[in-house]
1. Say each of A103 and A123 gets a label point 7 Å from the Cα, pointing the same way as Cα to Cβ; how far apart are those two points in nm?
2. Which of C129, G69, A85 sits farthest toward the positive end of the charge dipole of the stretch 61-140, with +1 on the Cβ of Lys and Arg and -1 on the Cβ of Asp and Glu?
3. What angle do you read, to the nearest 10 degrees and between 0 and 90, between the alpha-carbon axis of helix 71-85 and the longest principal axis of the chain?
4. Please work out how much length the chain gains when fully extended from R84 to A38, using 0.36 nm per residue of separation minus the C-alpha to C-alpha distance, in nm with one decimal.
5. Would you calculate the convex hull of the Cα atoms in the stretch 57-140 and tell me its volume per residue in Å³?
6. Which peptide among 73-83, 120-130 comes first, and what is the full order, when sorted by highest mean count of other Cβ atoms within 10 Å?
7. Quick one: dipole size for the stretch 81-140, taken about the Cα centre, charges +1 on Lys/Arg Cβ and -1 on Asp/Glu Cβ, in debye to the nearest 20.
8. Output the Kirkwood hydrodynamic radius of the stretch 5-48, Cα pairs only, in Å rounded to one decimal.
Amino acid sequence: LRVAVPADRASIAALLAQTGLPVDDLDDPAIAFVVGEAQGLIAGVVGVQDCGDAGLLRSLAVRADLRGGGHGTVLLRAAETLARARGRSPLVLLTQTAEAFFARHGYRVIPRGEAPASVRASAEFRALCPASATCMAKDV
């Protein structure tokens, strides 16, 4: 695992696009990405967006050929560590497909309106992620 660098942007965007996750605001300086590598390629990615005192978990994705091997869990733990180091708690996320995964890791479903105002003001909440997405949070 390592912190993403600008040269990773195209690979991150391609992986997110392949998994149907938003890519429109990847250049936002408030988002810090961590990548995992396998065979010299980006195998997975996760981001933490600073939103005041809270964090917004973003863009957790693992290459399709590597799913099921625990890579998502490793990336999630890295994001939680990053959020703690940056003083961001709770960590909030929106998901359309991975509610059970996040629940297994201690995230709880919350009404979108209960997310911190700073998180609700993010582009992810306002426009990039559908209103039907499940909102979840965890104190980290």
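The values are calculated or read from the model by the stated rules, or taken from the named source; none is laboratory data. Computed from a prediction, not measured in an experiment: that's the story for all the values here. When we count neighbours, we look across all protein chains shown, and the Cβ atoms used for this are built from the backbone with ideal geometry, even at glycine. When the accessible area is computed, the model is the full protein with side chains, heavy atoms only, and any ligands, DNA or RNA have been set aside. Shrake-Rupley method; radii C 1.70, N 1.55, O 1.52, S 1.80 Å.
1. Placing both labels 7 Å along Cα→Cβ, they lie 3.2 nm apart.
2. A85
3. Taking Cα atoms only, the helix is inclined about 50 degrees.
4. On the way: separation 46, 0.36 × 46 = 16.56 nm, distance 2.60 nm.
Full extension from R84 to A38 adds 14.0 nm.
5. On the way: hull volume 8.0 nm³, N = 84.
Value for the stretch 57-140: 96 Å³ per residue.
6. On the way: 73-83: 19.3, 120-130: 16.4.
Highest mean packing first, the order is 73-83, 120-130.
7. Here the size comes out at about 160 debye.
8. Working: mean 1/r = 0.0934 Å⁻¹.
When all Cα pairs of the stretch 5-48 are included, the Kirkwood radius is 10.7 Å.
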